[in-house]
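Sharing a structure here in structure tokens format.
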Amino acid sequence: MLTTGNPVVAWLSDEGAHQFLGLERSDEGRSRWAFFGKVGGAPEAIGLWLDIERIEQHELGMEAKVKKTWSVTPRTCLIRFDFIITVQYFHDPKDSVRFKVNSQ
């Protein structure tokens, strides 16, 4: 359960992150987007309140290196559920995380 104050990373779709940040689509290819922060309140019907500490834009592929780091103001934002791929708990905001897809 997403409890207020829990540190999480919300992985957003490329399209969702572009819409959230107000970015135009680029020709450089798709990315994975990790929004690091703490749950900022009870989830709403349309999304998750997140107090965002940083946003990382990752390359696709096995290495998934960080391409760019972003920040937003104000930090507490409502992230629409249709933008979110998954949410992971983590312990330290300085931790690095990876988006791993299990294939069978």
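The values are calculated or read from the model by the stated rules, or taken from the named source; none is laboratory data. Source: prediction; values computed, not measured. When we count neighbours, we look across all protein chains shown, and the Cβ atoms used for this are built from the backbone with ideal geometry, even at glycine.
In region 82-90, is there at least one residue being at negative phi, surrounded by 15 or more Cβ atoms within 10 Å (Cβ to Cβ), modelled with pLDDT of 95 or more and not in a strand (DSSP E or B)?
So far as region 82-90 goes, yes, one or more of its residues are at negative phi, surrounded by 15 or more Cβ atoms within 10 Å (Cβ to Cβ), modelled with pLDDT of 95 or more and not in a strand (DSSP E or B).
Checking Lys67 against (1) out of contact with any His (no Cβ under 9 Å at 6 or more places or on another chain); (2) part of a strand (DSSP E or B); (3) modelled with pLDDT under 95, which test does it fail?
Of (1) out of contact with any His (no Cβ under 9 Å at 6 or more places or on another chain); (2) part of a strand (DSSP E or B); (3) modelled with pLDDT under 95, only one is false for Lys67: (1).
On to the next question. If I filter region 11-62 down to residues being crowded, with 18+ Cβ neighbours inside 10 Å and aliphatic (A, V, I, L, M), which single residue comes out as nearest to the chain's Cα centre (by Cα)?
Ala34
Shifting gears a bit: Taking region 23-64 only, how many residues are over 13 Å from Trp11 (Cα atoms), part of a strand (DSSP E or B) and in contact with a helix residue (DSSP H, G or I) (Cβ under 9 Å, 6 or more places away or on another chain)?
1
Yes/no matrix, rows are residues, columns are (1) among the hydroxyl-bearing types (Ser, Thr, Tyr); (2) touching a Gly at 6+ places or on another chain (Cβ under 8 Å):
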| residue | (1), (2) |
| --- | --- |
| Thr3 | yes, no |
| Pro7 | no, yes |
| Val72 | no, no |
| Arg75 | no, yes |
| Val87 | no, no |
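Inspect all residues belonging to region 2-20 and state whether any of them is more than 16 Å from Cys77 (Cα to Cα) and assigned to a helix (DSSP H, G or I). Don't jump to the end; show me each part of the working.
Going residue by residue through region 2-20, those that are more than 16 Å from Cys77 (Cα to Cα) are 13-15.
Right, trim to assigned to a helix (DSSP H, G or I) and you get 14-15.
Checked against the condition, which is being more than 16 Å from Cys77 (Cα to Cα) and assigned to a helix (DSSP H, G or I), region 2-20 yields at least one hit.
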